[in-house]
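K.L.:
Before I ask anything, let me first share the structure, which is written out below as structure tokens.
The values are calculated or read from the model by the stated rules, or taken from the named source; none is laboratory data. None of the values given here were measured: they were computed from a predicted structure. Here the Cβ is made from the backbone with ideal geometry for all residues, glycine too, and neighbour counts use every protein chain on show. Just so you know, the surface numbers come from the protein's heavy atoms only, side chains and all, with ligands and any DNA or RNA stripped out. Shrake-Rupley method; radii C 1.70, N 1.55, O 1.52, S 1.80 Å.
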Number of protein chains: 2
Amino acid sequence: MRPTVHDIAAAAGVSLATVDRVLNQRPGVRLVTREKVEAAIRQIGYIRDVAAANLAKSRVYPLVFIVPTGDNSFMHGLRFEVHQATLRASIERTDIRIVEVPPFDVPALVAALDALQEQDIAGVALVATDAPEVRAAVDRLVSERIPVITLVSDLTDSTRHHYAGIDNIAAGRTAARLLGRFLGGREGDLTVLAGSMLVRDHRERLQGFSAVMAEEFPKLRLLPVLEGRDDPERAKSLVSKALSENKDIIGIYSLGAGNRGLIAALKAVRPERELTVVVHELTRHTRAALLDGTIDAVLNQDAGHEVRSAIRVMKATADGQAVIADQERIRLDIFLKDNLP
Amino acid sequence: MRPTVHDIAAAAGVSLATVDRVLNQRPGVRLVTREKVEAAIRQIGYIRDVAAANLAKSRVYPLVFIVPTGDNSFMHGLRFEVHQATLRASIERTDIRIVEVPPFDVPALVAALDALQEQDIAGVALVATDAPEVRAAVDRLVSERIPVITLVSDLTDSTRHHYAGIDNIAAGRTAARLLGRFLGGREGDLTVLAGSMLVRDHRERLQGFSAVMAEEFPKLRLLPVLEGRDDPERAKSLVSKALSENKDIIGIYSLGAGNRGLIAALKAVRPERELTVVVHELTRHTRAALLDGTIDAVLNQDAGHEVRSAIRVMKATADGQAVIADQERIRLDIFLKDNLP
DNA sequence: AAATTTTTGATTTACGTACATCAAAAATCG
DNA sequence: CGATTTTTGATGTACGTAAATCAAAAATTT
């Protein structure tokens, strides 16, 4: 049987009330007594029963998710997953609020974060735009002892408690190796389609991709990055133009969203041009394109896993509890047409 | 606020005691009353607070993991993860027992399963050997209303409640495509190293592998399967022999354990022979071999995830609760040297 | 040493559910 | 109809923790 508060009281030779005062940091306990109780807690290895405590407190965890608006499939999926989590709210004792902000809009994101100050919040998860102002706003929340988790895209040098997302440098490196190996020893040009170089995850993917290409696939030449702004129309015209102007392009790495446009551009040149294509994010469109051979591999981060992980970590952080680190590692999923879920 | 038993009682116009009798299927309730209560439960959407119920019942979930002995890295890792789970037992209200049986030993496995009959067990997870006797033993447990979960390797046509493992046909197909694409358009022979064709996961991997090879990579010829019995020594000699006798071998797929021997054999011919190699299970050895270029890709199933998932599913099944299906899907991890955890 | 302040103990209620007991009411039987 | 059986209600305790109140004891100040 796991020790209870009664056992601590007995072991420390104090009353239940005193143990409670120590455990919940209530005033009116002498230092010596506090230390005696703390020693007993350590000695008998007491661990608070969070379920019982939450029951007694009628605790709910008010959580806030700050996610970008915008209609690309990935963010849509992310919002969907947060919404799914709200359906489990009563069971999980969470109270989830979704705040939407325009994408890449630093002031809006800062305003959304600052609005949470002084509020009774058990945790914030945000898709970070990597800017000093955002970092400062996050640090303000952290200094108010509010758990802050970055989701999908991390924040450089901030004091956020946790990052629920993939290692984007590793993702870029992996894309490079897949593309390089799939192309055998062929020689030619490669095009990279990104969303925006303003977000950290895209920059890091490119960085990892470039590094491996330079180190290990010298026959493949990187062309200047196309910035599609995660907009399908723009992506389509950029890719179409690049393909028609340069017949040496044999591979494409799309590291952002807006793959609908890319796929349309590819289908337009499909039977003639033989292209090896690696893209990010499994969506309805990329799944279909993978199955019909338009693209060769999809790198993915599981939005559902990210949201569930963020919730677990926020709750644990709010309670000062440890998490199972392994369980909260977000993996880079690699999908070929054969292992689609 | 989420409705409680009191709310049901009020809504149904009965006492708390009657609600309790209905909820816990205790006798002494007229059919009409029971239906009235059940209607109220549905109507106000009552969901039992499992945490509070477990507190009241001082419930612990006695769980049994039946895993094969044997010193290969994967099973070692699996046992390690079960052991890790025992460390969380008091927090998770589990009481985990590990039963070890010799690998591929059907009577031993059946005996271990039958020993659990009549015992007060909240769930069983087993690494199944795919035999009719095992299936029958599993079905006996299921008919006793004990939740049964297959782990890593599934059981054909049994009534087990859940399978916590990867889709092995998809794994084999994925291995084939990786190998095929990595080999570019080259022509040559492929060797497959398996553990034993008696286990279903190995058979399925081979089946998926062969299918994709036949459909899409006609220039690559499959040699007869080498059965290494998950034994490093045997694997080493089999592979060494094959490589020296057949100079046309350009690729290897190792779909079982015992990769230590394979890696030794590869290193022995390393600078001269250029081989593309895909193996299963990320271990200390395969990780090192991936990093030093001896092998090209590792397919993996996360034993920690499998064990944690199995525990969640057993608990939920014991309580008649639903699980988050997505969360319990075990993914096929693909590791290149760039995305190692 | 008395007065005051601080610390500690004892006790109670609550959270949502399980489970047991006993009495009261309703249904069924002869 | 009364007697018996079945069903229902009322009530209390428990699980492990939180939180509050009031009294008692100890420490500190004057």
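K.L.:
Please give the net charge around A:Gly258, taking every other residue with its beta carbon less than 13 angstrom from that of A:Gly258, where Lys and Arg add +1 and Asp and Glu add -1. List each step's numbers first, then the result.
P.N.:
On the way: positive: A:Arg229, A:Arg234, A:Lys236, A:Arg260; negative: A:Asp71, A:Glu227, A:Asp230, A:Asp231, A:Glu233, A:Glu281.
Taking every Cβ under 13 Å from that of A:Gly258, the sum is -2.
K.L.:
Treat segment A:168-300 as a sphere of radius equal to its Kirkwood radius over Cα pairs and apply Stokes-Einstein at 10 °C in a medium of 1.306 mPa s; give the translational diffusion coefficient in µm²/s, rounded to a whole number.
P.N.:
Numbers: Rh = 14.2 Å.
Using the Kirkwood radius from Cα pairs, D works out to 112 µm²/s.
K.L.:
Identify all lysines with a Cα-Cα distance to A:Lys57 below 17 Å; exclude those on the same chain that are fewer than 8 residues away in sequence.
P.N.:
A:Lys315
K.L.:
Just to confirm the numbers: B:Leu87, label point 7 angstrom along the Cα-Cβ line, distances to the other copies in nm, shortest first?
P.N.:
3.6
K.L.:
Name the residue, out of B:Leu155, B:Leu63, B:Leu16, whose mean-square fluctuation peaks in a Gaussian network model built on chain B with Cα pairs under 10 Å.
P.N.:
B:Leu16
K.L.:
Out of the total accessible area of segment B:5-47 (probe 1.4 Å, heavy atoms of protein only), what percent is carbon and sulfur? List each step's numbers first, then the result.
P.N.:
On the way: 1450 of 2760 Å².
Ligands and nucleic acids excluded, carbon and sulfur give 53 percent.
K.L.:
Between B:Ala310, B:Ala85, B:Ala325, which gets the highest mean-square fluctuation from a Gaussian network model of chain B, Cα cutoff 10 Å?
P.N.:
Per the Cα network of chain B with a 10 Å cutoff, B:Ala325 tops the list.
K.L.:
Right, another one. Using each residue's phi in segment A:145-158, evaluate 6.51 cos²θ - 1.76 cosθ + 1.60 at θ = phi - 60° and report the 3J(HN,Hα) Karplus result to the nearest Hz, with x for Gly and Pro.
P.N.:
Taking θ as phi minus 60°, the curve returns 6, 9, x, 10, 10, 8, 10, 6, 10, 8, 10, 5, 6, 8 Hz for segment A:145-158.
K.L.:
Additional query: How are the alpha carbon pair distances in chain A distributed across 10 Å bins from zero to the largest one, expressed in percent?
P.N.:
Going out from 0 Å in 10 Å bins, chain A shows 5, 22, 26, 19, 13, 8, 5, 2, 0 percent.
K.L.:
Which aspartates and glutamates does B:Lys36 reach when only Cα atoms under 15 Å apart count, and residues fewer than 8 places away in its own chain are ignored?
P.N.:
B:Asp7, B:Asp20
K.L.:
Given Cβ point charges of +1 (Lys, Arg) and -1 (Asp, Glu) and nothing else, what value in debye, to the nearest 20, does the dipole of segment A:168-300 about its Cα centre take?
P.N.:
Using only the charged Cβ atoms, the result is roughly 140 debye.
K.L.:
Within 10 Å of each Cβ of B:325-336, how many other protein chain Cβ atoms are there on average? Spell out each step's value before the answer.
P.N.:
Working: counts 0, 7, 4, 0, 4, 0, 8, 7, 5, 10, 4, 11.
Partner Cβ neighbours, averaged per residue: 5.
K.L.:
Provide Rg and Dmax in Å for segment A:237-276, with only Cα atoms included in the calculation.
P.N.:
In Å, with Rg to one decimal and Dmax whole: 9.5, 26.
K.L.:
Sticking with this structure for a sec: How many percent of the accessible area of segment B:246-341 is carbon or sulfur, using a 1.4 Å probe? Please report the intermediate quantities before stating the final value.
P.N.:
Working: 1630 of 3230 Å².
Exposed carbon and sulfur together represent 50 percent of the surface.
K.L.:
Another one. Measuring from centroid to centroid over Cα atoms, what is the spacing of segment B:118-197 and segment A:93-115 in Å?
P.N.:
44
K.L.:
Taking only DSSP H segments of four or more residues, each worth -39500 (n - 2.57), what value at 222 nm results for chain A once the sum is divided by all its residues, to the nearest 500 deg cm²/dmol? Provide the component values of the computation, followed by the final result.
P.N.:
On the way: 15 runs with 162 residues, N = 341.
Helices in chain A give a 222 nm mean residue ellipticity of -14500 deg cm²/dmol.
K.L.:
So, one more: Highest GNM mean-square fluctuation, chain B, Cα pairs closer than 10 Å: which of B:Leu87, B:Leu23, B:Leu223?
P.N.:
Taking springs between Cα atoms under 10 Å, the residue moving most is B:Leu23.
K.L.:
To continue, here is another question. Can you return the lysines within cross-link range of A:Lys236? Criterion is Cα-Cα under 20 Å, with same-chain partners fewer than 8 residues away left out.
P.N.:
Straight-distance partners of A:Lys236: A:Lys247, A:Lys267.
K.L.:
Can you give me the relative contact order of chain B as a percent, contacts being Cα pairs under 8 Å and 6 or more apart? Please report the intermediate quantities before stating the final value.
P.N.:
Working: 601 pairs, mean separation 48.5, N = 341.
Relative contact order for chain B comes out at 14 percent.
K.L.:
Give me the distance in nm between label points sitting 7 Å out from Cα along the Cα-to-Cβ direction at A:Lys219 and B:Val99, one decimal.
P.N.:
Placing both labels 7 Å along Cα→Cβ, they lie 5.7 nm apart.
K.L.:
Quick one: what Rg and Dmax do you get for segment A:10-131 from the alpha carbons, in Å?
P.N.:
My reading of the Cα-based Rg and Dmax gives 20.8, 62 Å.
K.L.:
Once R0 is set to 45 Å, what does the formula 1/(1 + (r/R0)^6) return for the Cβ-Cβ distance between A:Leu16 and A:Glu144, expressed as a FRET efficiency to the nearest 0.05? Could you put the intermediate results ahead of the total?
P.N.:
Details: r = 32 Å, r/R0 = 0.71.
Between A:Leu16 and A:Glu144 the formula returns 0.90.
K.L.:
Over all distinct Cα pairs, what is the inverse of the mean 1/r for segment A:5-48, reported as the Kirkwood hydrodynamic radius in Å? Present the calculation step by step, with values, prior to reporting the outcome.
P.N.:
On the way: mean 1/r = 0.1007 Å⁻¹.
One decimal place: 9.9 Å for the Kirkwood radius.
K.L.:
While we're looking at this one, here's another question. Please work out the ratio of the alpha-carbon Rg of segment B:271-341 to 2.2 N^0.38 Å and round it to two decimals. It would help to have the intermediate numbers written out before the result.
P.N.:
Details: Rg = 16.8 Å, N = 71, 2.2 N^0.38 = 11.1 Å.
In units of the 2.2 N^0.38 Å rule of thumb, it is 1.51.
K.L.:
DSSP loop GluC sites (Glu not before Pro) in segment B:241-316 with at most 11 other Cβ atoms within 10 Å of their Cβ, which ones? Write out the running numbers ahead of the final one.
P.N.:
Values: sites: B:Glu245, B:Glu272, B:Glu274, B:Glu281, B:Glu306; in loops: B:Glu272, B:Glu274, B:Glu281.
Here the GluC sites (Glu not before Pro) that fit, given the DSSP loop and packing criteria, are B:Glu272, B:Glu274.
K.L.:
Additional query: Please give the residues of segment B:177-204, grouped as numeric ranges, whose backbone N is less than 15 Å from a label point set 7 Å along the Cα-to-Cβ vector of B:Arg273.
P.N.:
Output list for this probe position: B:188-194.
K.L.:
Can you give me the distance in nm between label points at B:Gln119 and B:Ile44, each placed 7 Å from the Cα along the Cα-to-Cβ direction?
P.N.:
4.1
K.L.:
What total accessible surface area, summed over both chains, is buried at the interface between chains A and B, computed with a 1.4 Å probe and given in Å² to the nearest 100? Could the numbers behind the result be given before it?
P.N.:
Numbers: alone 16640 and 16580 Å², together 29600 Å².
Interface between A and B: roughly 3600 Å².
K.L.:
While we're here: Mind putting a number on the dipole of the protein assembly as shown about its Cα centre? Charges go on the C-beta only, +1 for Lys and Arg and -1 for Asp and Glu, and I need it in Debye to the nearest 20. Don't jump to the answer; show the numbers that get you there.
P.N.:
Details: 88 positive and 90 negative charges, 194 e Å.
That gives the protein assembly as shown a dipole magnitude of about 940 debye.
K.L.:
May I ask you to give the solvent-accessible area per residue for the protein assembly as shown, in square angstrom, as obtained with a 1.4 angstrom probe? Don't skip to the answer; put the middle values down first.
P.N.:
Numbers: 29600 Å² over 682 residues.
Value returned for the protein assembly as shown: 43 Å² of accessible area per residue.
K.L.:
What does the charge count near A:Leu155 come to, summing +1 for each Lys or Arg and -1 for each Asp or Glu among other residues with Cβ under 10 Å from its Cβ?
P.N.:
Values: positive: A:Arg135, A:Arg160, A:Arg200; negative: A:Asp130, A:Asp139, A:Asp154, A:Asp157.
Local net charge: -1.
K.L.:
Taking Rh as the Kirkwood radius, which is the inverse of the mean 1/r over Cα pairs, what is the Rg/Rh value for the protein assembly as shown?
P.N.:
Working: Rg = 28.0 Å, Rh = 28.0 Å.
Taking Rg over the Kirkwood Rh, I get 1.00.
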